[in-house]
1. Looking at (1) under 14 Å from the mean Cα position of the chain (by Cα); (2) surrounded by 15 or more Cβ atoms within 10 Å (Cβ to Cβ), can you tell me which one Lys150 breaks?
2. What number of residues within segment 43-96 satisfy the criterion of being on the phi > 0 side of the Ramachandran plot and not in a helix (DSSP H, G or I)?
3. Counting just the residues of segment 117-140 that are aromatic (Phe, Trp, Tyr) and within 16 Å of Val32 (Cα to Cα), which one comes out surrounded by the fewest Cβ atoms within 10 Å (Cβ to Cβ)?
4. Within segment 25-45, how many residues turn out to be surrounded by 12 or more Cβ atoms within 10 Å (Cβ to Cβ) and either within 24 Å of Lys85 (Cβ to Cβ) or among the small types (Gly, Ala, Ser) (or both)?
5. Just checking, which of Tyr136, Tyr146 is at pLDDT 95 or above, farther than 30 Å from Val230 by Cα and hydroxyl-bearing (Ser, Thr, Tyr)?
6. Of the residues that make up segment 91-99, is at least one closer than 16 Å to Tyr191 by Cα and without any contact (Cβ under 8 Å) to a residue 60 or more places away in the chain?
7. Taking the stated definitions as given, is Arg145 surrounded by fewer than 17 Cβ atoms within 10 Å (Cβ to Cβ) and of a type in the set (D, E, K, R)?
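The values are calculated or read from the model by the stated rules, or taken from the named source; none is laboratory data. What you see is a predicted model, and the numbers here were worked out from it, not measured in a lab. Glycine gets a Cβ as well: all are built from the backbone with ideal geometry, and neighbour counts include every protein chain shown.
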Amino acid sequence: MNQAVDAGAPPLVRYGVFLFRARNAVFPLVTVLVLALFGPVQAFGSAAADRWLDALGLLIVLAGQGVRAAVIGLAYIKRGGLNKKIYAEVLVREGIFAHARNPLYVGNLLILTGLFVIHNNPWVYLLGGGYFLLSYYAIVAAEERYLAAKFGADYTDYCREIGRWLPNLRGLGETMRGMTFNWRRVVMKDYSTVHTWSTTVLALIAYEVVTERGFAAARPVLLASAGGIVALALAALAVRTLKKSGWLHDRPISQDG
């Protein structure tokens with residue numbers, strides 16, 4: 001499929017192609033807007049209950065990051081395509097892709113869900129959740145159109161065997177045992193994602209406490225959050241330096257070592 005999008009492409013596919021190219025700018029902007037425009041809502045009107053909800057949200061975020069780490073650590077794909085256009089040299093069916101067709105997007109949606117749970121505003125659930133569900137569906141529609149055109153019957157068979165969103169867990173243990181987990185690749189390819197969501201979590205918690213107590217009473221939490229955000233930025237910078245130095249690149253001693 002021509003990456004300019006053929007004239008017969010449905011609007012959803014056209015939107016997906018646009019988002020694939022612009023998502024690194026559009027998605028953070030939309031996230032910040034919905035979280036800033038609609039303030040956090042205390043769970044059941046109780047600060048104690050709200051802390052439990054925050055913990056639940058963080059667990060969901062970590063689950064999403066765990067999915068991403070498993071995907072990237074077992075089988076690498078060019079997640080950003082080629083020159084910000086949908087692209088695939090081969091049809092990847094190994095690793096987690098043997099159990100789900102879009103596991104990275106599932107991980108992303110889990111991370112977003114966790115952030116929205118921490119924030120806990122009904123309008124954020126509705127507007128933010130609706131926007132990202134539609135947007136990822138559009139990106140997947142565009143990718144599927146491209147992959148079907150490039151790989152033909154092989155991709156059709158893959159779609160018949162593997163679900164678009166829900167994973168088939170049968171044989172997952174065997175898959176994990178049969179491959180080498182490349183932790184260097186996970187750190188190198190996903191440190192920015194971890195930095196982004198962890199910074200957002202700290203900012204959301206600070207936002208919550210300010211909303212509940214006011215700036216003066218929230219000062220200790222604000223200082224702690226600010227310190228954490230600085231520490232995360234320094235950690236991200238350190239990883240970026242290691243990446244640029246080549247230390248995090250795959251070692252030649254084994255296929256994935």
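1. Lys150 satisfies every listed condition except (1).
2. At the first step, the residues of segment 43-96 found to be on the phi > 0 side of the Ramachandran plot are 44-45, 81, 83-84, 95.
With not in a helix (DSSP H, G or I) added as a condition, the list becomes 81, 83-84.
Summing the residues that are on the phi > 0 side of the Ramachandran plot and not in a helix (DSSP H, G or I) in segment 43-96 gives 3.
3. So in segment 117-140, the residues aromatic (Phe, Trp, Tyr) come out as 123, 125, 131-132, 136-137.
Filter once more, so that each one left must be within 16 Å of Val32 (Cα to Cα): 123, 125, 131-132.
On the way: Trp123: 12, Tyr125: 17, Tyr131: 17, Phe132: 20.
Only one residue tops the list, namely Trp123.
4. Residues that pass the stated criteria total 7.
5. Working: Tyr146 fails: at pLDDT 95 or above.
Within the list Tyr136, Tyr146, the selection yields Tyr136.
6. Narrowing segment 91-99 to residues closer than 16 Å to Tyr191 by Cα: none.
So far as segment 91-99 goes, no, none of its residues is closer than 16 Å to Tyr191 by Cα and without any contact (Cβ under 8 Å) to a residue 60 or more places away in the chain.
7. On the way: surrounded by fewer than 17 Cβ atoms within 10 Å (Cβ to Cβ): no; of a type in the set (D, E, K, R): yes.
No; evaluated as a whole, the condition is false for this residue.
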